[in-house]
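Asker: Provided herewith is a single structure, encoded as structure tokens, for subsequent inquiry.
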Amino acid sequence: MIRRFLLCALFAAAAVPAWAQTMSYADAISQLAAACKNDIARYCKGVPLGPRLKTCFDANGARMSPKCQQTRSAVYASISRRAAAQRNIGDVCSADIARLCDTSHADAHLVECLVSVSPAALSQQCGQTFNDTGWRTERARQ
Amino acid sequence: MRSDIQRHRLAYGKGTAMKSHRCHAVAAVVLLGAVTAALGQQQINSSQMATSLAGVSNTRLSLTGAQMRQAVLDNIHNYPGTLPPRPLTFPQMENMAQFVVEVDFDFNSAVIRPSSYRTIGSIADALHNPILLGYGFLVIGHTDSVGGRQYNVGLSQRRAEAIRDALIDPFGVNPGVLEAVGMGEEQLRDPAHPTSGVNRRVQLVNVGKKFCFGRSGEQFVCP
């Protein structure tokens, strides 16, 4: 019983470890396409990519291949986590930006500000949210 | 729709007044390169897409989606025929930052194939790039000439809407910055080969700044 609980907990943690980077939307959704192509053709034929595809996964998940089930949990978790971070970064990091970048509000230089300071200087929540936006790595690639 | 716009906070939340000279600094040369890459059947990645969309002139597109849809219907009405006798053009759009990608749909359907999921994800990555914050975009669908012209307008409209819908959910793009338009076969890319696959495509166009941000962080439709 305890063993099963631990196993489940491990599984849940593996889906979205708190420290993990989120994937780019392109990487996330192409992992889904690769792992679930056959299951989509079989159980979700004609279902558009969008909210209805997730509903179809939720309804038919148990019948789908283990690989697809595992991948789609991780993929949807990553996508919604990145989207939430990109939506909320201004609010989450407003105090950090005011403290570190000599500006009273999160303006257009938000990304430059957060990239320029040492990650250790950011509050834990702001640092994590900024990582989740994917903008740190995006900026590094440019 | 309006309430959606209000509810959907843009990424920077508070006080984002993007400096316009920064937005317009990206060279149009890159745009040209990216479009050429798409023409060469090679899909562009999200960074190239974002750069293409950011290489923008200082203007806002003086053409609405509704006007474009009307122009398509007028073109079919005024110039009937199996194939469009003359292509529909929008000179205003030529200077706008844009790119073209190919998206695979099921036959005669607006369902995006898994083989093109990555392309939609890349568009989402590009539209979330901080350099494009607050800008509005047209998602324009084009078909080849197989099928009636009127039918193709509806098909391409549904396909453009399918892409818009996926960008909004699950990828979290602000619904207020996206408008879907179907052009049918009225703008064939290769009129000499009207049934060729190169005609089936999706065009993403930056229509200019849509949302502005006040000093205290409030978001409003730019005047």
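Asker: Can you name every residue in the stretch B:52-80 that is touching a residue at least 40 places away in the same chain (Cβ under 8 Å), polar (S, T, N, Q) and part of a helix (DSSP H, G or I)?
Answerer: Correct list: B:SER52, B:ASN75.
Asker: Something else now. Tally up the residues in the stretch B:146-180 that are within 14 Å of chain A (Cβ to nearest Cβ) and without any contact (Cβ under 8 Å) to a residue 40 or more places away in the chain, please.
Answerer: 5
Asker: Further question on the same structure: Test B:TYR117 against the stated conditions and say whether it is modelled with pLDDT of 95 or more, of a type in the set (Phe, Trp, Tyr) and within 23 Å of B:ASN206 (Cα to Cα).
Answerer: When the stated conditions are applied, B:TYR117 passes them.
Asker: Still on this structure, please answer the following. Just need a number here: residues in the stretch B:122-140 that are in a helix (DSSP H, G or I), hydrophobic (A, V, I, L, M, F, W, C) and within 10 Å of chain A (Cβ to nearest Cβ).
Answerer: Of the residues in that region, 5 qualify.
Asker: Would you check if there is a residue in the stretch B:204-216 being within 13 Å of another protein chain (Cβ to nearest Cβ), small (Gly, Ala, Ser) and not in a loop (DSSP other than H, G, I, E, B)?
Answerer: For the stretch B:204-216, residues within 13 Å of another protein chain (Cβ to nearest Cβ), small (Gly, Ala, Ser) and not in a loop (DSSP other than H, G, I, E, B): absent.
Asker: To continue, here is another question. Which residue, of B:THR119, B:THR143, is under 30 Å from A:ASP39 (Cα atoms) and within 14 Å of chain A (Cβ to nearest Cβ)?
Answerer: Of the residues listed, the single one that is under 30 Å from A:ASP39 (Cα atoms) and within 14 Å of chain A (Cβ to nearest Cβ) is B:THR119.
Asker: Output the number of the condition that B:VAL100 fails; it satisfies all remaining conditions of (1) assigned to a strand (DSSP E or B); (2) crowded, with 23+ Cβ neighbours inside 10 Å.
Answerer: (2) is the only condition that B:VAL100 fails.
Asker: From the list A:ARG72, A:ARG82, A:ARG87, A:ARG136, pick out the single residue that is closer than 28 Å to B:ASN45 by Cα, surrounded by fewer than 18 Cβ atoms within 10 Å (Cβ to Cβ), within 18 Å of the chain's Cα centre (by Cα) and charged (D, E, K, R).
Answerer: A:ARG136
Asker: Looking only at the stretch A:106-120, filter to residues that are modelled with pLDDT of 85 or more and not in a helix (DSSP H, G or I); which one of those is surrounded by the most Cβ atoms within 10 Å (Cβ to Cβ)?
Answerer: A:VAL117
Asker: Which number in (1) in a strand (DSSP E or B); (2) more than 14 Å from chain A (Cβ to nearest Cβ); (3) not charged (D, E, K, R) marks the one condition that B:LEU188 misses?
Answerer: Unmet for B:LEU188, out of (1) in a strand (DSSP E or B); (2) more than 14 Å from chain A (Cβ to nearest Cβ); (3) not charged (D, E, K, R): (1).
Asker: Looking only at residues in the stretch A:25-56 that are away from every other protein chain (no Cβ under 11 Å) and crowded, with 17+ Cβ neighbours inside 10 Å, which one is farthest from B:ASP169 (Cα to Cα)?
Answerer: Here the residue is A:TYR43.
The values are calculated or read from the model by the stated rules, or taken from the named source; none is laboratory data. Fair warning: this is a prediction, and the values are worked out from it, not measured in the lab. So basically every Cβ, Gly included, is an ideal-geometry build from the backbone, and we count neighbours across all protein chains shown.
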